[in-house]
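The values are calculated or read from the model by the stated rules, or taken from the named source; none is laboratory data. Given the structure is predicted, the values throughout are model-derived calculations rather than measurements. As a convention, Cβ positions derive from the backbone with ideal geometry for all residues, glycine included, and neighbour counts pool all protein chains shown. Just so you know, the surface numbers come from the protein's heavy atoms only, side chains and all, with ligands and any DNA or RNA stripped out. Shrake-Rupley method; radii C 1.70, N 1.55, O 1.52, S 1.80 Å.
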Amino acid sequence: MRQPAAEPYWNTNVAGHPGILRSVPEGCRDALDVGCGDGLLARKLAGRAKHVTGIDKSPDMIACAREAAVGHPQLTFVEGDFLTAELPGAEYDFVCSVTTIHHMDFEAALVRMRELLRPGGTLVVVGLAREASVTEWAALIAAAPVVRITKVLRRARGPQGMPVADPQMSYGQVRAAARRLLPGVRYRRHVLRRYSLTWEKPAR
């Protein structure tokens, strides 16, 4: 399989890519990138899965993804709303999403990701949440200098036209909902103001 190209840019979303790629199961046939944007992560996943589908509701982002995927027949990009788009159920060995789920109904999106996984498949969500508790605000304040310095040193930037939205759920709300919907999920809070959810669907 073709190896992914060098990073065209870096930002706090791209920072989560290495961890996501490490979670791709061996022998992965079909992978799904929810909220794929310009397709950067999907192109990297093509080095670890036989076929990768990216879905995004932004026409501009999908146009960029398709243009960059020319010559990569194992990549397919779908323009549409993840919650309503026609996708094959229980067909993916790996489903991932980076800083997209807060643009949607969190629980509906997590349930659909769960349902799209094959038994034994892996789900990884990297998300953005808001601070609500004293502990969460303390973590944000403590990490702020590291985040600022890292962004400057790495010259953080991203593709133009990427949709943005403020998160409505707190970290605590995300953790509680994820544990209820995905029994056994691994939740982590990351320094660069992100959290991650990693879950393996029980095999039949």
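Of note:
- Annotation for the stretch 66-73: no member residue is within 16 Å of the chain's Cα centre (by Cα), modelled with pLDDT of 95 or more and surrounded by 13 or more Cβ atoms within 10 Å (Cβ to Cβ).
- Of the residues making up the stretch 36-52, those that are part of a loop (DSSP other than H, G, I, E, B) and either polar (S, T, N, Q) or over 23 Å from Phe106 (Cα atoms) (or both) number 5.
- Considering each residue of the stretch 22-35 in turn, at least one proves to be closer than 27 Å to Arg180 by Cβ and assigned to a helix (DSSP H, G or I).
- Residue satisfying all of: in the stretch 161-186; in contact with a Leu (Cβ under 6 Å, 6 or more places away or on another chain) and not in a helix (DSSP H, G or I); nearest to Ala15 (Cα to Cα) among these: Pro167
- Restricting attention to the stretch 84-108, the residues that are free of Cβ contacts under 8 Å to residues at least 12 places away in the same chain and open to solvent by less than 20 Å² (accessible area, probe 1.4 Å) add up to 0.
- If the condition is being open to solvent by 20 Å² or more (accessible area, probe 1.4 Å) and either in contact with a Ser or Thr (Cβ under 8 Å, 6 or more places away or on another chain) or assigned to a strand (DSSP E or B) (or both), then the stretch 187-197 contributes Tyr187, Arg188, Arg189, His190, Leu192, Arg193, Arg194.
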